[in-house]
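So the structure is just underneath, and the comments pick up after that.
The values are calculated or read from the model by the stated rules, or taken from the named source; none is laboratory data. As the structure is a prediction and not an experimental result, all values here were calculated from the model. Quick reminder, even Gly has a Cβ in these numbers, built from the backbone with ideal geometry, and neighbours come from all protein chains shown. Areas reflect the complete protein model, heavy atoms only, side chains present, ligands, DNA and RNA absent. Shrake-Rupley method; radii C 1.70, N 1.55, O 1.52, S 1.80 Å.
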Amino acid sequence: MDNLTNIIEAIVFASGEAVPVKFIVEKLDCTLKEVNASVSELKEKYSGENGIHLLTFNGKLQFATNPAYKAPVSDVLTPIKEKEFTKTILECAAIIAYKQPITKPELEDIRQVSCDYAIHTLLELEMIVPCGRKDAVGKPILYATTDNFLKRFKLNSIDELPDYEELMAQIAELNSSLLSDDEEDANYLYKKDVYVEDKGAQQEKAEEAPKVTEDGYELPDFISEEDEVIKID
């Protein structure tokens with residue numbers, strides 16, 4: 001397969017998680033020798049001062065950021081992760097706080113929806129932590145809140161948890177503030193200063209309205225109305 005290296009690169013990038021080499025061999029109908037040769041090419045490409053490194057461990061492949069750039073990456077992404085809070089995620093955190101220790105199946109039984117993303121996000125932000133396994137079929141993981149949860153809601157201890165409805169109101173207020181931040185980001189993206197001259201003298205700055213398509217979608221400056229616009233619901 002002439003472009004095997006490019007295909008493996010695309011697979012590992014799209015996955016975001018560790019990809020077993022044996023799956024690549026099986027699904028692409030190639031040999032382990034061919035895959036190893038491609039992996040060697042990719043490791044040479046993604047190494048040194050490159051922002052992305054290719055990790056190989058336990059027969060798996062995964063892309064990771066260069067640890068040398070940990071600080072600037074964190075500076076940019078930490079605020080973004082904070083904005084990943086949604087009302088749903090915060091509600092899951094609240095339920096865990098009231099019902100802890102609680103398993104994911106129990107949480108999903110209460111909310112009647114999948115909580116995979118919420119659990120993953122709360123773990124990433126260290127607002128919850130695994131605290132053991134329940135003595136039940138499958139030994140599901142039990143989750144409990146952390147000090148970060150207390151800091152988020154300005155509590156000294158779990159004993160200070162407010163009435164459930166009051167906490168939901170706090171969550172709604174926090175979610176509203178995050179939406180406002182997103183609107184500010186959008187305004188920043190489309191803002192452009194324009195200087196207007198009147199009788200040869202420079203006047204006050206005026207803000208140029210963003211370009212808008214026929215169906216009302218705003219276009220940033222680097223996209224013309226003739227370009228294809230992909231709309232995501």
Worksheet item: Which FRET efficiency, nearest 0.05, do residue 126 and residue 57 yield, Cβ-Cβ r, R0 25 Å?
Response: 0.60
Item to complete: Calculate, for the range 26-164, the solvent-accessible area per residue in square angstrom, rolling a 1.4 angstrom probe over the heavy atoms of the protein chains.
Response: 63 Å²
Response to the item:
Shape call for the range 1-121, from the Cα gyration tensor axes a ≥ b ≥ c (a/c under 1.5 means rounded, otherwise prolate when a/b beats b/c, else oblate), comes out oblate
Practice prompt. Summarise the accessible area of the range 33-78 (1.4 Å probe, protein heavy atoms) by the percent that is carbon and sulfur.
Written response: 56 percent
Worksheet item: Sequence-distant or interchain residues sharing an amide H contact under 5 Å with residue 143, placed H: which?
Response: 102, 103, 131
Worksheet item: What order, most packed first, do the peptides 89-99, 17-27 have when packing is the mean number of other Cβ atoms within 10 Å of each residue?
Response: 89-99, 17-27
Worksheet item: Can you list, largest first and rounded to whole Å, the semi-axes you get for the range 56-159 by taking the square root of 5 times each eigenvalue of its Cα gyration tensor?
Response: 26, 20, 13
